[in-house]
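Notes follow once the structure below has been shown.
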Amino acid sequence: MTLKTERTRVKRGNNRATYDREQINAILDSVHFCHIGYLRAGLPFVTPTLQWRDGDYVYWHGSSASSTIRGGRGLPVCVTVATMDGLVLARSAFNHSVNYRAVMLLGDAEPVVDPDAKATALKTMVDILYPGRWDGLRPMTATEIKATGVLRLKITEASCKIRTGGPMDDEADSILPIWAGEIPLQTRLLDPIPDPRNPVGMEAPAHLADIVLGRTAT
């Protein structure tokens with residue numbers, strides 16, 4: 001399935017572009033930090049937040065009173081997700097680059113208004129980011145759910161750009177005695193640091209060890 005439209009068509013560096021739904025889903029599911037762009041009172045705003053995907057929708061949340069939530073309700077938004085995977089060192093400054101994966105989504109943000117639907121969306125977020133944790137938490141109160149705004153965007157228009165590999169030097173530069181190559185980058189989870197208010201002797205739950213050992217940070 002392609003998500004290419006005239007608005008999402010990549011014109012510069014289109015050799016690195018893809019509109020494949022599976023590839024886009026894979027990046028959305030592995031990189032949860034995003035930026036939401038929108039207009040408010042005629043001015044552009046870009047807000048960093050967390051996103052999570054559930055089926056055909058990307059969700060994000062915040063305070064019901066925040067500009068991120070109020071500014072995006074029912075309005076066109078641009079959601080971008082990106083991660084830098086490496087520094088690429090060439091033999092000329094011009095050909096230096098970075099390896100990356102990036103997704104851009106366009107569409108109209110929809111508020112999730114029904115309290116039960118909102119609670120379900122928030123549970124999905126916790127289950128995705130912290131597998132195994134929701135069932136051990138204190139249940140959210142009605143006041144907390146009301147104070148939390150949730151927006152979603154249907155994935156219908158999107159583009160993805162990916163760069164991998166080493167430098168792309170000019171052929172004439174390849175014989176120069178200058179080191180070139182790639183320095184990989186990785187974000188990883190470290191051992192949990194307990195809250196000092198935890199009961200004495202309380203060990204971290206097993207699901208935290210599974211998170212740390214099973215995946216890199218996003």
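The values are calculated or read from the model by the stated rules, or taken from the named source; none is laboratory data. A quick note: this is a predicted structure, and the numbers were derived from the prediction, not measured. With ideal geometry, Cβ positions are generated from the backbone for all residues, glycine too; neighbour counts draw on all protein chains shown.
So, of the residues in region 30-89 that are closer than 26 Å to ILE162 by Cα and of a type in the set (Ser, Thr, Tyr), which turns out to be farthest from the chain's Cα centre (by Cα)?
TYR38
Would you be able to tell me the number of residues in region 195-218 that are in a loop (DSSP other than H, G, I, E, B) and exposed (fewer than 12 other Cβ atoms within 10 Å of the Cβ)? Lay out the reasoning, then the answer.
In the first step, residues of region 195-218 are kept if they are in a loop (DSSP other than H, G, I, E, B); the result is 195-205, 215-218.
Those left that are additionally exposed (fewer than 12 other Cβ atoms within 10 Å of the Cβ): 195-203, 216.
Total satisfying the criteria: 10.
Pull up region 133-186, narrow it to residues that are more than 24 Å from the chain's Cα centre (by Cα) and β-branched (Val, Ile, Thr), then point me to the one that is surrounded by the most Cβ atoms within 10 Å (Cβ to Cβ).
By that ranking, first place goes to ILE178.
Can you name the residue in region 90-103 that is more than 18 Å from TYR19 (Cα to Cα) and in contact with a helix residue (DSSP H, G or I) (Cβ under 9 Å, 6 or more places away or on another chain) and is also surrounded by the fewest Cβ atoms within 10 Å (Cβ to Cβ) among such residues?
Applying the filter and picking the extreme gives SER92.
Kindly indicate the residue of region 90-125 that is basic (Lys, Arg) and under 21 Å from the mean Cα position of the chain (by Cα) and also farthest from PRO44 (Cα to Cα) among those meeting that condition.
By that ranking, first place goes to LYS123.
Across region 165-187, what is the total count of residues that are in contact with a helix residue (DSSP H, G or I) (Cβ under 9 Å, 6 or more places away or on another chain) and either on the phi > 0 side of the Ramachandran plot or in a loop (DSSP other than H, G, I, E, B) (or both)?
5
Say we look at region 190-211 and pick out the residues that are closer than 22 Å to ILE128 by Cβ and of a type outside the set (A, V, I, L, M, F, W, C); which of these is modelled with the lowest pLDDT?
ASP210
Would you be able to say whether some residue in region 131-151 is in a loop (DSSP other than H, G, I, E, B), touching a residue at least 60 places away in the same chain (Cβ under 8 Å) and either among the polar types (S, T, N, Q) or touching a strand residue (DSSP E or B) at 6+ places or on another chain (Cβ under 6 Å) (or both)?
Checking region 131-151: not a single residue is in a loop (DSSP other than H, G, I, E, B), touching a residue at least 60 places away in the same chain (Cβ under 8 Å) and either among the polar types (S, T, N, Q) or touching a strand residue (DSSP E or B) at 6+ places or on another chain (Cβ under 6 Å) (or both).
Quick check on region 118-130: of everything there that is touching a residue at least 24 places away in the same chain (Cβ under 8 Å) and in a helix (DSSP H, G or I), which residue is surrounded by the fewest Cβ atoms within 10 Å (Cβ to Cβ)?
Filtering region 118-130 for residues that are touching a residue at least 24 places away in the same chain (Cβ under 8 Å) and in a helix (DSSP H, G or I), the one surrounded by the fewest Cβ atoms within 10 Å (Cβ to Cβ) comes out as LEU129.
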